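A short write-up of the structure that comes next.
Bear in mind that the values in this text are calculations on the coordinates, not laboratory data. Model, not experiment: these values are computed from the prediction. Every residue, glycine among them, receives a Cβ derived from its backbone with ideal geometry; neighbour counts consider all protein chains shown.
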Amino acid sequence: MTDAHAEARVLAEDGAAARPKRADALRNIEAIVDAATRLLAADPDASLNEIAKEAGVGRITLYGHFDSRATLLREVAERAIAHSEQELGEVDLAGDPREALGRLLEASWRLTHRFGALVIAASQALSPEQLRRAHDEPAARVRALLSRGREAGEFRDDVPIDWQLSVVQAILHGASAAVHRGEITAEDAPGLVGDTVLAALSVANSR
């Protein structure tokens, strides 16, 4: 066997051995990110030790992929933002503004409940611009629906629209907290959120 053939064989064998290791690394990364998302959504102060244990990996493995808590937080937050933007972007906002808002609230509720306190954790790692983008893009959808509903006479226009946005966000986060406290169920929450928001927004003679 020539030196070239021998070298090619060694490289091939090394590559074959490396591929499973790379797959394991990818699985570990996904396990860490998923574990961090779950724990940080419930407790923004969850430790790296807790995250590593939840992911089923050692602390050294975790640090091998994420060299600091801030690095992990950024990855988790950026994935959550991207996932949220994709889901909200798929909601049908056409037609009756009340019905469209109901669909958007249901999707927003699922995301709020899933990511919960992750927003607080993300504030420790993301730049002000990233945090503003994460907030502004979802809020713009709600604002557009509120504006359309106000013009159609479906939603109140005697209070500032920014206040209505704040009310919507407070109800979403309040429902998520109530589920965690056991006051309402996750199954009942979307309906309660929709009914409460629409009751707060609707004019007296609205449907």
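Once the GluC sites (Glu not before Pro) in DSSP loops with at most 16 neighbouring Cβ atoms within 10 Å are cut out of the chain, the longest remaining piece is 91-182. Normalised by residue count, segment 94-191 yields a Cα convex hull volume of 106 Å³ per residue.
Projecting the Cα positions of PRO138, ALA70, ALA25 onto the charge dipole of the chain (unit charges on Cβ atoms of Lys, Arg, Asp and Glu, taken about the Cα centre) puts ALA70 furthest along the positive direction. A straight chain from GLN169 to GLU87 at 0.36 nm per residue would run longer than the Cα-Cα distance by 27.8 nm. Each listed q (0.13, 0.14 Å⁻¹) maps to a log10 I(q)/I(0) for the chain from the Debye sum over equal C-alpha point scatterers, namely -0.80, -0.88. Among residues other than ALA94 with Cβ under 11 Å from its Cβ, the summed charge is -1 (Lys and Arg +1, Asp and Glu -1). Long hydrophobic helices in the chain, taken as whole DSSP H segments with a C-alpha length of 24 Å or more on their own axis and mean Kyte-Doolittle hydropathy at least 0.0: 161-181.
Within the listed set ALA80, ALA125, ALA170, the Gaussian network model of the chain (springs between alpha-carbon atoms below 10 Å) gives the highest mean-square fluctuation for ALA170. Across q = 0.20 Å⁻¹, segment 144-207 modelled as identical point scatterers on its alpha-carbon atoms has Debye log10 I(q)/I(0) values of -0.77, in the order of the q list. Note on the chain: helix-only mean residue ellipticity at 222 nm, from DSSP H runs of 4+ residues weighted -39500 (n - 2.57) and normalised by residue number, equals -25500 deg cm²/dmol. Residues considered: LEU73, LEU118, LEU48. Largest GNM mean-square fluctuation over the chain, using C-alpha springs under 10 Å, is found at LEU48.
For ARG22 and ARG59, a Förster radius of 25 Å and the Cβ-Cβ distance give a FRET efficiency of 0.75, rounded to the nearest 0.05. Given 25 °C and 0.890 mPa s, compute D for segment 46-139 with the Stokes-Einstein relation, Rh being the Kirkwood radius over Cα pairs; round to the nearest whole µm²/s. It diffuses with D of about 164 µm²/s by this estimate. The charge dipole of the chain, taken about its Cα centre with unit charges on the Cβ of Lys, Arg, Asp and Glu (plus for the first two, minus for the last two), comes to roughly 180 debye.
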